[in-house]
1. Over 24 Å between C-alpha atoms is what I'm after, so list which of Lys405/Lys488; Lys226/Lys425; Lys442/Lys469; Lys405/Lys425 land there.
2. Excluding residues on the same chain fewer than 8 positions from Lys617, give the aspartates and glutamates whose Cα lies under 14 Å from its Cα.
3. With axes computed from alpha carbons, what is the tilt in degrees of helix 465-478 against the longest principal axis of the chain, rounded to the nearest 10 within 0 to 90?
4. If you split all Cα-Cα distances of segment 30-160 into 5 Å bins from zero, what percentages do you get per bin, shortest first?
5. Is there a quick way to get the dipole size of the chain? I mean about its Cα centre, with the Cβ of Lys and Arg at +1 and of Asp and Glu at -1; what is the value in debye to the nearest 20?
6. Could you compute how much accessible surface Glu111 exposes when probed at 1.4 Å, giving the result in Å² to the nearest 10?
7. To the nearest 10 degrees, how steeply does helix 124-133 sit against the main Cα axis of the chain, on a 0 to 90 scale?
8. Can you bin segment 411-479 into rounded, prolate or oblate? Criterion: square roots of the alpha carbon gyration tensor eigenvalues sorted a ≥ b ≥ c, rounded for a/c under 1.5, prolate for a/b above b/c, oblate for the rest.
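The values are calculated or read from the model by the stated rules, or taken from the named source; none is laboratory data. Not measured: the values here are computed from a predicted model. FYI the Cβ positions are ideal-geometry reconstructions off the backbone, even for glycines, and counts take in every protein chain you see. Side chains are part of the model used for accessible areas, which takes the heavy atoms of the whole protein and leaves out ligands, DNA and RNA. Shrake-Rupley method; radii C 1.70, N 1.55, O 1.52, S 1.80 Å.
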Amino acid sequence: MAARVNHDTGGNGVTAASRTDIGALIDELRVLREAMLEFEARLVPRQPALAADAEASARNLAHFLAMRSFDLRGLQERLADLGLSSLGRAEPQVLANLDKVQRMLQLLGGEPRARVPPPPVDAPLARRAEALFGAGPAEARARIMVTLPSAAATDDELLRGLVRGGMDVARINCAHDSAREWVAMAAGVRRAAAAEGRAVKVLMDLAGPKLRTGPIAGLPPLLKLKPDRDALGAIVTPLRLGLRRAGSVDAVPGAVEHAGVDPAWLAALEVADPIDLVDARGSARRLTVLATGEAGALVEGLRTIYLTQDTRLRLLRRGHEGALETALADLPSTPGRILLRRGDRLRLARRGLGHGASDGSARKRVAVATLACTLPEALDALKRGERVWFDDGRIGAVVRRTTAKWAELEITEADDEGSRLGADKGINLPDTRLDLPALTDKDLEDLAVAARHADIVGLSFAQGAADVKLLRRHLRRLAAEEPGILLKIETRRGFEQLPQLLFAALACRAAGVMIARGDLAVECGFERLAEVQEEILWACEAAHVPVVWATQVLESEARSGFPSRAEITDAAMGARAECVMLNKGPHILQALRTLADILRRMQSHLSKKRPLLRALKAWNALDAGGASASACRPQGADRAHRSAGRQRNADVALP
């Protein structure tokens, strides 16, 4: 209710009815303040290893968790009606902002001795962002992180372009390439940064216990070649094939594809020689030798051909009896994929080569499609009725039966015509409680490299404070100075444990959080992603912990050179984070320029945002020490809020 001002009254012109409304607001804020102090008393003493400058941030995080355990939307409206702050931007200094509003209410209520406290001058979030990512660009608050492609290990000019274009952090994904390439990338980044006169941080991102699909039986090697034709079907460019010695990797100049042949047969080729063959479809075809050289021979043809290792090439030349023949070798193999339709059954096994289903025959019984996963121990935790997602949520399934060797799934989500699933695709188990090690054996090997060459180490699939402590223990053993740590929130459990992870981050010299929206969307539900990423941003701001906005930022532009309208808007929203990540792609330099321009423009329009303070439920179940958060609420808090006509939101945060 808005305050009613009577100019005929004395004093400050506030009526008795208005004073009653203001008094009720002051009482509600007092209850809220008591809750903040109780949360602080319970949570902060349990964090004995906080960094030297982090105690105030830990207290502020406790105050935020207390405030967001209430539904304050009605309170916000009534404060706004009085022209006061509605606490919608209280995250940086929760208690100080509440006290400021309370003092203003006291002044409106006729307490002239009330004094509005000055705003805090410290900016711990900006300080911690600089400690982790380095100094940000002058024209934009958010830094830019770029995932390096494999070519960055040898392409110094690419790295110079990335640094020149505005890359502040270079991300090396330890799930790909090898230690040799990572070290070369890190050294190349530092050379490029020095040449451009900029400071660029190097992040080495540990792969973590990622569940992926195992190998799948592939199709026999096959090479299809066809000439380029215009709209009327006329040949513009004949097909070009390079023939080289079997086992060779030398590129034949002008060739689009290559095949291996017998060295003696290859040595006999001369320009203009005709080569006959019958391709895999039984079609007679002829090729002609265009050029020969040290690497091999370039041949061309005018009709589409399908080549397999059973195809024979026959060299025909005048003056020779018969024909010289060779078999083909080194043809590209076709990766295996399994076609899955809604209603199909799929066995997720501990090991073995994956294969599709067979329809059965008189001599062969029906076989269910089978696929192994890279972490067999995950199958031990699967239970009937739990969901399984493949390939970033493209294919969904439900567990119908489990045995000691496999779990049988029913496909519930796929394209209308079926979806094909390949090897090395992600597996997400959003309903399953997995007790997997935070650091795999491979991670520990990779960590030895990261400790020597990286400024920041990324902890994938962070799920609790114990994971952070384990990583730090290994880093102290390996590094003279602990590098920065980036906690990747990409599972449902990691999101639910975010407060504990943030308290653990406040014990680090420099630490941040990455919102890994790919896996997180699959785990929490795509319809919940927007809500989840907002809640992570709020909590991290309250803890004064910097955030990386990651996954599929300007992905279309990085891949094809053309961004979508939705991607532009998404990139602009990323300006609320302290760092925005681009993934690799053929047009990464163009995407980098676009993102830098967006962040510069948004700098003058956006700084975080004002939310409505409904109650957050995700972190009410457990406090940082494992006790029920309801036990942290002050006596009478619910009663006071019910009397004001509000109630706590009883929804659960995740479906």
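1. Lys405/Lys488; Lys226/Lys425
2. Within the straight-line limit of under 14 Å, Lys617 reaches these aspartates and glutamates: Asp71, Glu496, Glu531, Glu534, Glu535, Asp651.
3. Tilt of helix 465-478: around 60 degrees.
4. 2, 8, 13, 15, 15, 13, 10, 8, 5, 4, 3, 2, 1, 0, 0
5. For the chain, the charge dipole is close to 980 debye.
6. Taking all protein chains as shown, Glu111 has close to 90 Å².
7. 20 degrees
8. Numbers: a/c = 3.72, a/b = 2.16, b/c = 1.72.
Note, shape of segment 411-479 comes out prolate.
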